[in-house]
1. Using Cα pairs under 8 angstrom and six or more residues apart, how large is the relative contact order of the range 99-139, in percent?
2. Using the number of other C-beta atoms within 10 angstrom as an exposure proxy, rank Trp161, Trp72, Trp63 with the fewest first.
3. For the residues Asp125, Asp162, what sequence is obtained by ranking on other C-beta atoms within 10 Å, fewest first?
4. Let me know the shape class of the range 97-164, please: from the alpha-carbon gyration tensor, a ≥ b ≥ c as square roots of the eigenvalues, rounded when a/c is under 1.5, otherwise prolate if a/b is greater than b/c, or oblate.
5. Sorted from fewest to most neighbouring beta carbons within 10 Å, what does the list Met34, Met124 look like?
Amino acid sequence: MRKQRAIKRTLAFLCVLLFSWHSAASDSLPKGIMKLDGRAAPALLLEDMDGQTWDIGEARGRWVFVHFWAAWCGPCRREMPTIQAIYPQFDAAELEIVVINTAESEDTVFEFLAAVAPDLNPLMDKDGLVTERWQPRGLPATFLVDPAGRLQYLALGGRPWDTPDYLNFLMHLIE
């Protein structure tokens, strides 16, 4: 009788352990993506190259991919084509992809994006104050803001967004 109880307890423990391991594995994040504390996203009100204003406050109800970059940044240059590749795969009503150039001229930005990411319309942080407010800790940096306007994830450094791990992660957010 004692032996049977011990075996049942051991099996129950193994089931709990296996379930915990499976849950942790399914919640794992792709390399370089960090979970944030869910604080409110800083204000973000900028114009694009056409002079149209974009306000993060109007993006409530959908996820927002907020990407800070500069043309002089090597990792940014390598990462931008992967963002271009995923851009058409997401409906802006579910995941809006916003790329913010930090303190460069329109000519520099236009020349760079025309070559590697022609579908992206960047927001221009001409004086760098929005970037300073968001404090990305380097470039490139991507924040993922949830539909309630809270910072949920941060990716520091260039990421291959068009690879299965990152695409699956983004798709899972909008499910």
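Every number in this text was worked out from the coordinates using simple rules, so none of it is lab data. No experiment lies behind these values; they were computed from the predicted model shown. Using ideal geometry, Cβ is built from the backbone for each residue, glycine included, and neighbour counts are taken over all protein chains shown.
1. Across the range 99-139, relative contact order equals 52 percent.
2. Values: Trp161 26, Trp72 12, Trp63 19.
Listing Trp161, Trp72, Trp63 from fewest to most nearby Cβ atoms yields Trp72, Trp63, Trp161.
3. On the way: Asp125 22, Asp162 16.
Result, fewest neighbours first: Asp162, Asp125.
4. oblate
5. In increasing order of surrounding Cβ atoms, one gets Met34, Met124.
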